[in-house]
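**Q** Structure in structure tokens, see below.
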Amino acid sequence: MRIISHVDELSRTLEAARRDGRSIGFVPTMGFLHAGHRALMAQAKRACDLVVVSIFVNPLQFGVNEDLAGYPRDFESDIAACTAEGVEIVFHPSVEEMYPTPMRTVVTVTGLTDRLCGASRPTHFAGVATVVAKLFGMVGPCDAFFGKKDYQQVAVVKRLVRDLSLPVNVVECPTVREDDGLAMSSRNTYLDVPARQNALALSRSLFALVDSIGAGERNRLQIESDLVQSLGSSQGVTIDYAEVLTGDDLTITESIEVGREYVAAVAARVGAARLIDNVSFTLDPSGKLLADLGALRDGLPFVRS
């Protein structure tokens, strides 16, 4: 495995690989890798000839008084995880390498960023879209693997690729959960033992929403109201948002319709951590509920006990 720190070396290396007929799988990360990241690497390894993982804590996507300085980092452990998954290249640039001069260009994706994290972190997605656009330019044509835990981020990246005609295929991968349902996140390390238990309220509230729809509830306002009540009444949890939106454009509808994807997304502060989670779902033509609850670390679908 090669660790590359410079943009020119990365681009030259990957261009040579493409000339040799090798397909490129790309997994962008901010490091402090967990089993969810490793699942992305494993899927990229199965699908592509050469896998690149970027490890870069992007300052542009952190707002004022957010946790940029304290964001967890463990490069040695990250390298061990990448090695175990058969990653060929780790791209680990400095901030100065990524942003050698003050940025005068910022990429924004409108509409999709009006709600959810875009509303509570108004500069966040411009930072995400800008760094992703830069990374895609550096990596070149590839399959790029993103986890659905951040559903809004995936939607933004897909629209970015579509609108700018970038030679990138965005591959959506299931949220990876702990055995008890908690969505894996680098920020879970902020949780002490009581907060870790309280954090289960996010997934449990979402699973209860799925049960409600499965039982026949179709009024979006009622479904969302029940989600807010369930999460808001949970001990140690302060809601940032809890919304049910259309899956393609993240807008509001009155009812749940057959054949369209929806997402129920939540964000909440639990102890020292701000956590996010979601479930997406669709009603098939017969009215049967098809819900994506995520997967376990071994890749098996997550099933509630």
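**Q** Inside the stretch 105-125, can you point out the residues that are in a helix (DSSP H, G or I) and either polar (S, T, N, Q) or surrounded by fewer than 19 Cβ atoms within 10 Å (Cβ to Cβ) (or both)?
**A** Step one: filter the stretch 105-125 for residues in a helix (DSSP H, G or I), giving 117-120, 124-125.
Hits for the stretch 105-125 are Ala119, Ser120.
**Q** Among the numbered conditions (1) more than 23 Å from Gln61 (Cα to Cα); (2) among the aromatic types (Phe, Trp, Tyr); (3) out of contact with any Leu (no Cβ under 8 Å at 6 or more places or on another chain), tell me where Tyr190 comes up short.
**A** Single failed check for Tyr190: (1).
**Q** Continuing with the same structure: For the stretch 239-250, which positions are over 20 Å from Pro122 (Cα atoms), in a loop (DSSP other than H, G, I, E, B) and modelled with pLDDT of 95 or more?
**A** Residue satisfying the conditions is Gly247 alone.
**Q** While we're here: Residues that are within 16 Å of the chain's Cα centre (by Cα): list the helices (runs of 4 or more DSSP H) wholly contained in the stretch 1-96 that include at least 3 such residues. Walk me through it before giving the result.
**A** On the way: elements: 7-19, 35-47, 75-84.
So the answer is 35-47.
**Q** Ok, one more. The conditions are (1) assigned to a helix (DSSP H, G or I); (2) free of Cβ contacts under 8 Å to residues at least 60 places away in the same chain, and Val132 fails exactly one of them. Which is it?
**A** (2)
**Q** So, Ala268, is that one touching a strand residue (DSSP E or B) at 6+ places or on another chain (Cβ under 9 Å), within 17 Å of Gly147 (Cα to Cα) and assigned to a strand (DSSP E or B) or not?
**A** Here the answer is no, as Ala268 does not meet what is asked.
**Q** Going by what's in this entry, would Ser186 be described as at pLDDT 95 or above, closer than 20 Å to Glu243 by Cβ, out of contact with any Cys (no Cβ under 8 Å at 6 or more places or on another chain) and surrounded by 16 or more Cβ atoms within 10 Å (Cβ to Cβ)?
**A** For Ser186, the condition - at pLDDT 95 or above, closer than 20 Å to Glu243 by Cβ, out of contact with any Cys (no Cβ under 8 Å at 6 or more places or on another chain) and surrounded by 16 or more Cβ atoms within 10 Å (Cβ to Cβ) - is not met.
**Q** Another one. Assess whether Ala129 counts as being under 20 Å from Leu68 (Cβ atoms), of a type in the set (Gly, Ala, Ser) and touching a Leu at 6+ places or on another chain (Cβ under 7 Å).
**A** Numbers: under 20 Å from Leu68 (Cβ atoms): yes; of a type in the set (Gly, Ala, Ser): yes; touching a Leu at 6+ places or on another chain (Cβ under 7 Å): yes.
Yes, satisfied.
**Q** Could you tell me which of the residues Thr101, Thr113, Thr83, Thr108 is among the hydroxyl-bearing types (Ser, Thr, Tyr) and in contact (Cβ under 8 Å) with a residue 60 or more places away in the chain? So that I can check it myself, show each step before the final result.
**A** Values: Thr101 fails: in contact (Cβ under 8 Å) with a residue 60 or more places away in the chain; Thr113 fails: in contact (Cβ under 8 Å) with a residue 60 or more places away in the chain; Thr108 fails: in contact (Cβ under 8 Å) with a residue 60 or more places away in the chain.
Just one listed residue meets the conditions, Thr83.
**Q** A further question on this structure: Among the listed residues Asp226, Asp150, Asp179, identify the single one that is surrounded by fewer than 20 Cβ atoms within 10 Å (Cβ to Cβ), among the charged types (D, E, K, R) and out of contact with any Ser or Thr (no Cβ under 8 Å at 6 or more places or on another chain). Can you show your working first?
**A** Values: Asp226 fails: out of contact with any Ser or Thr (no Cβ under 8 Å at 6 or more places or on another chain); Asp150 fails: surrounded by fewer than 20 Cβ atoms within 10 Å (Cβ to Cβ).
Of the residues listed, the single one that is surrounded by fewer than 20 Cβ atoms within 10 Å (Cβ to Cβ), among the charged types (D, E, K, R) and out of contact with any Ser or Thr (no Cβ under 8 Å at 6 or more places or on another chain) is Asp179.
**Q** So in the stretch 72-93, with the set limited to residues that are in contact with a helix residue (DSSP H, G or I) (Cβ under 9 Å, 6 or more places away or on another chain) and aliphatic (A, V, I, L, M), which one is surrounded by the fewest Cβ atoms within 10 Å (Cβ to Cβ)?
**A** Ala84
**Q** Buried (at least 21 other Cβ atoms within 10 Å of the Cβ), assigned by TED's automatic domain parsing to the domain that holds Lys134, touching a Pro at 6+ places or on another chain (Cβ under 8 Å) and of a type outside the set (S, T, N, Q) - does that describe any residue in the stretch 57-64?
**A** no
**Q** Any idea which of Gly111, Gly70, Gly86 is of a type in the set (Gly, Ala, Ser), within 20 Å of Gln153 (Cα to Cα) and in the same structural domain as Arg121 (by TED's automatic domain parsing)?
**A** Only one candidate passes the filter, namely Gly111.
**Q** Let me ask you something else. Can you list the helices (runs of 4 or more DSSP H) lying wholly within the stretch 179-238 that have 1 or more residues being touching a residue at least 60 places away in the same chain (Cβ under 8 Å)?
**A** Ranges flagged: 193-198, 200-214.
**Q** If you take the residues in the stretch 18-56 that are surrounded by fewer than 18 Cβ atoms within 10 Å (Cβ to Cβ) and either in contact with a Leu (Cβ under 7 Å, 6 or more places away or on another chain) or among the hydroxyl-bearing types (Ser, Thr, Tyr) (or both), which one is farthest from Leu300 (Cα to Cα)?
**A** Arg22
The values are calculated or read from the model by the stated rules, or taken from the named source; none is laboratory data. All values derive from a computational prediction rather than experimental measurement. Reconstructed Cβ throughout: ideal geometry from the backbone, glycine too, with neighbour counts over all protein chains shown.
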